[in-house]
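Since the structure comes first, as structure tokens, the remarks are kept for the end.
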Amino acid sequence: LFRDTVRQAVEQARLDGFEVEVDELLVDIAALKMVAEPERFDVIITTNLFGDILSDEAAYWMGGMGLAPSLNWGEGVALAEPVHGSAPDIAGKGIANPIAAILSAALLARYTWGMLEAADCIEVAVNSALEVGLPDGTKAITQAVLERMG
């Protein structure tokens, strides 16, 4: 059902004038190619379980799961969250790295609300803070990003 649904969506996109290239891969081969040729992928459409595994692997290319944002959205609803989840084991201790949550907010601003300038501002501030090195602690990291947002 999943494969048939994706194929139908691709065909409809092509009928609507979009240029869509599809390469169907088994998940183990996709994982290997993500490591060997990450530039090959623009979009990956997969089931939840395989998507969870592949997104964790893809997070490596941006510095690890602690930095990786995510956005799930559909018609009229969106959920932005760090790839790593809520980290309940360190909740309230002030030691969580908030970068993934901050970048998730940028994704929400950009793709859900169309607030491109706000998203750019957040992303530039995060990149600037990362370039000089992050301080320790959730509040200090957040403050370092906020100071660079102007």
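Laboratory data are not the source of any read-out in this text; all were calculated from the coordinates shown. Computed from a prediction, not measured in an experiment: that's the story for all the values here. Cβ coordinates were reconstructed from backbone atoms using ideal geometry, including for glycine residues, and neighbour counts include every protein chain displayed.
A few points about this structure:
- Hydrodynamic radius of the chain per Kirkwood, over alpha carbon pairs, in Å: 17.4
- C-alpha long axis of helix 48-58 to longest principal axis of the chain, angle in °: 60
- Relative packing of 38-45, 99-106, 25-32, which averages over residues the other C-beta atoms within 10 Å, highest first: 99-106, 25-32, 38-45
- Between amide H atoms placed 1.01 Å from N, distances below 5 Å from Val83 occur with Ala68, Ser70, all of them 5 or more places distant or on a separate chain.
- Taking Lys93, Lys33 and counting other C-beta atoms within 10 Å, the order from fewest to most: Lys93, Lys33
- Proximal charge balance of Asp42 [Cβ under 14 Å; K/R count +1, D/E count -1]: -3
- Within the shell of other residues whose beta carbon sits under 14 angstrom from the beta carbon of Gly85, the net charge comes to -4, with Lys and Arg scored +1 and Asp and Glu -1.
- The alpha-carbon atoms of the range 5-56 define a convex hull whose volume equals 82 cubic angstrom per residue.
- Gain upon complete extension [Leu146, Tyr60; 0.36 nm per residue less C-alpha separation]: 28.4 nm
- Local electrostatic count, Met149, Cβ distance below 12 Å [Lys/Arg +1, Asp/Glu -1]: -3
- Against the chain, whose longest principal axis comes from its Cα atoms, helix 27-36 is set at around 60 degrees.
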